[in-house]
Amino acid sequence: MARDLGPKCRVCRREGLKLFLKGERCLTEKCAVERRSYPPGEHGRGRIKQSQYLLQLREKQKARRYYGLLEKQFRTTYEKASRRQGAPGENLLRALETRLDNVVYRLGFAGSRAQSRQLVRHGHFHVNGRRVNIPSYGVRPNDVVTLRQGSSVEQLVRDATDLTASVAPWLQADHEGLTGKVLKWPERDEIDAPVQESLIVELYSK
């Protein structure tokens, strides 16, 4: 499976904000965005000529990196979302939010999306009692996500829940029993992703 193996903090610096790619480290003074709030590279502090295309491209890159998808995965998700009823941008964010790896992260069962993806990939979570090891698996309302009984990562998951301040309003989490439930489809105002989805739609509509 293809993966982005580059430095995580460099990605956050390029986008100019915290994407919370390294979990707990992002909450400390060691965060690279806090220490060096300019883009990486030799010309990071230079002036960049702004254009509408650049704004659209940067927004797409930000969303892709925020959710941890490669280019082909992201475009495929957009194409599927654009064929559904409703606003394409909102459909895209809803599809990204309801990926199993993101739901595990939003429930507070992992410190980062990269960690939640690995936990799902190794088969540590069940959906409605069935083992699912596909990070892109789309959950639906009333689906129940649970940590596999006897899992070797139980303590790691409990440590992650201790750092969780709140859970998305469209989810319900039981951190003691390590179970979560999808209450409904997320609305746009319930998704706190720092993304302007209209710019992504404009980019892909060309």
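Throughout, read-outs are computed from the coordinates displayed, never taken from laboratory work. Computed from a prediction, not measured in an experiment: that's the story for all the values here. Here the Cβ is made from the backbone with ideal geometry for all residues, glycine too, and neighbour counts use every protein chain on show.
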| remark: The simple spin-label model distance between Lys206 and Gln172, using points 7 Å out along Cα→Cβ, in nm, is 4.6
| note | Dividing the surface of the Cα convex hull of the stretch 99-184 by four yields a projected area in nm² of 4.6
| query | Once the Cβ-Cβ distance between Ala165 and Glu79 is put in as r, and R0 is 25 Å, what FRET efficiency do you end up with, to the nearest 0.05? | reply | 0.10
| If you keep only loop residues by DSSP, which GluC sites (Glu not before Pro) in the stretch 137-206 have at most 16 other Cβ atoms within 10 Å of their Cβ? | Glu176, Glu187
| field | Computed magnitude of the charge dipole of the stretch 99-184 (debye, nearest 20; Cβ of K, R +1, Cβ of D, E -1) | value | 420
| remark: Taking the dipole of the stretch 99-184 about the Cα centre (Lys, Arg +1; Asp, Glu -1; charges at Cβ), the one of Val120, Gly108, Val167 that reaches farthest to the positive side is Val120
| On full extension of the chain, what length is gained from Gln118 through Ala193, given 0.36 nm per residue of separation minus the C-alpha to C-alpha distance? | 24.9 nm
| said: Which residues does the label zone of Arg131 cover in the stretch 153-189, counting backbone N under 14 Å from a point 7 Å along Cα→Cβ? | reply: 153
| said: I'd like the distance separating the alpha-carbon centroids of the stretch 186-206 and the stretch 125-182, in whole Å. | reply: 26
